[in-house]
Amino acid sequence: MRWNIIAALIAAVVLCLAAGTRLTEQTAQIPQAYGDVRGQDFSQLDLREVEDLLFRLSFDTKTKWPEPTLLPEGFDPAKLLELGKEPGLGIRELQALGLTGAGVTVAYIDQALLLDHSAYDNVKLHYEELLPSQPSMHGPAVLSLLAGREIGIIPEAEVYFFAHNGGPEGNKYEALALERIVELNAELPPGKKIRVVGISHAPADSVNKEYADKLRAAEKKARESGIMVVDCDYPLLTAGVRGYGNREDYCSYELSPWLKGVPESLLPGRLIVPADGRTTAAGYLGDPDHYIYWAEGGFSWAVPYVVGLMAMALQLDPDLTEEEIFFHLHSTAHEHLGADFVNPRGFLESVAAAAGLSLEMSIGHLDSP
């Protein structure tokens with residue numbers, strides 16, 4: 001019960017962010033830890049004595065900072081924003097081996113995109129709006145985390161993106177999108193079918209039980225047709241690295257601040273993935289170069305990370321089932337922070353070994369005619 005309450009609280013926070021809630025007026029006050037200071041003007045403040053606080057703020061490319069002489073020595077928002085584009089945990093090395101999602105088709109259901117955003121102009125994108133919607137913060141963020149050139153896990157995957165407006169009828173449109181995906185898959189040729197669907201949301205009985213039930217039924221139908229589905233109901237946890245810490249070393253990660261207070265008995269068996277300290281695209285201002293650095297993340301940012309790893313695994317073994325993928329994810333995870341901390345390379349080595357190959361041999365096999 002306590003976990004359900006905490007999950008509901010974080011879902012409420014995510015929904016508020018998804019609606020575009022942000023601070024835009026100029027301020028003369030130093031913000032609170034984990035405050036959202038997108039678009040704020042701090043240019044006249046002396047922030048030299050609040051270094052730790054500054055690493056715990058979510059800001060964007062519109063935030064105005066003081067001159068360096070009024071900032072802590074070494075604190076550079078631009079550097080932090082660029083560092084936040086790194087997925088960490090060896091993902092770049094795996095991509096260099098060829099594990100980029102090439103040849104794998106995935107889908108995502110979320111809020112509307114700014115189609116010309118620079119963060120994901122590399123993506124082989126099929127975009128469909130389930131109802132007319134304005135570009136959002138949330139949709140561009142998850143697509144950039146999934147497949148963006150500088151930010152994402154699988155920059156060479158083919159992505160079908162189904163957009164809605166993120167309102168209280170979200171579950172209804174997510175269900176309709178899944179039904180559309182099942183129909184579409186019946187028409188797509190072998191090798192082009194959608195294998196995994198990500199939803200940075202979950203059935204929400206407290207908002208509308210009828211729509212929540214429809215989403216559950218649609219997820220069941222999709223799975224029965226052979227499509228894997230990951231939403232925020234999957235047993236996840238989120239973590240991050242403060243400031244300029246080492247994002248490649250899992251020992252550098254701490255649980256997200258919103259998880260402090262979760263009973264330790266609820267941690268084992270959950271999969272921890274990076275979500276804090278990430279930079280994402282944003283679309284709600286219509287600026288194709290608008291980015292946000294999130295000091296604190298949540299399940300919304302975790303789902304595209306998991307979907308990306310699943311697509312990498314499907315590059316190695318297209319016949320994997322959803323159950324097999326999650327077995328490999330959990331059985332290879334690091335024991336860290338009281339749960340299963342994701343181990344991308346170990347996960348993919350395990351997938352390759354199950355197919356009778358080493359990881360490097362598997363990549364070579366992928367490149368053969």
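The values are calculated or read from the model by the stated rules, or taken from the named source; none is laboratory data. Only a predicted model underlies this, so the values are computations on that prediction, with no experimental measurement involved. Counting neighbours? That spans all protein chains shown, and the Cβs are built from the backbone with ideal geometry, glycine included. Only protein heavy atoms, including side chains, enter the accessible area calculation; ligands, DNA and RNA are left aside. Shrake-Rupley method; radii C 1.70, N 1.55, O 1.52, S 1.80 Å.
Per residue, the chain reaches -10500 deg cm²/dmol at 222 nm when only DSSP H runs of four or more residues are counted, each adding -39500 (n - 2.57).
Need one number: % antiparallel among DSSP beta bridges in the chain, to the nearest 5. So the antiparallel bridges in the chain amount to around 30 percent.
Extension gain for E254 to E82 (0.36 nm times residue separation, less C-alpha to C-alpha distance): 59.9 nm. Approximating the spin labels as points 7 Å out from Cα along Cα→Cβ, the A355-to-R92 distance works out to 2.6 nm. Per atom type, the range 49-118 shows carbon and sulfur on 52% of its accessible surface, probed at 1.4 Å.
The relative contact order of the range 197-264, computed from alpha carbon pairs under 8 Å that lie at least 6 residues apart in sequence, is 27 percent.
Taking a ≥ b ≥ c as the square roots of the eigenvalues of the alpha-carbon gyration tensor, the range 57-154 is classed oblate because a/c is 1.5 or more while a/b is no larger than b/c. On a per residue basis, the convex hull of the C-alpha atoms belonging to the range 68-109 measures out at 122 Å³. Cross-link partners for K79 among the lysines, with Cα-Cα distance under 18 Å and sequence neighbours closer than 8 places in the same chain left out: K62, K64.
Can you tell me which of 333-344, 259-270 comes out highest on packing, and rank the rest after it, using the mean Cβ neighbours within 10 Å? Spell out each step's value before the answer.
On the way: 333-344: 19.9, 259-270: 13.2.
The most tightly packed comes first, giving 333-344, 259-270.
Inter-label distance, K64 to K220: 5.6 nm, where each label sits 7 Å from its Cα along the C-beta direction. Checked against a 19 Å cut-off, the cross-linked pairs K124/K193; K124/K192; K85/K260; K172/K209 give Cα-Cα distances beyond that limit for K85/K260.
Share of Cα-Cα pairs in the range 174-247 beyond 22 Å, in percent? If you can, show how the numbers build up before the last one.
On the way: 982 of 2701 pairs.
For the range 174-247, the share of Cα pairs beyond 22 Å comes to 36 percent.
Expressed as a fraction of 2.2 N^0.38 Å, the C-alpha radius of gyration for the range 228-368 is 1.13. Could you state the angle between the C-alpha long axis of helix 209-224 and the longest principal axis of the C-alpha atoms of the chain, as a value from 0 to 90 degrees rounded to the nearest 10? Computed tilt is about 50 degrees. Straight Cα distances below 18 angstrom link K220 to the aspartates and glutamates E174, E179, E183, D205, E210, D231, D233, E322, E323, E324, with same-chain residues fewer than 8 positions distant left out. Length gained on full extension, D46 to N122: 23.4 nm, using 0.36 nm per residue less the C-alpha separation.
Our estimate of slack between E129 and A186, defined as 0.36 nm per intervening residue step minus the Cα-Cα distance, is 18.5 nm.
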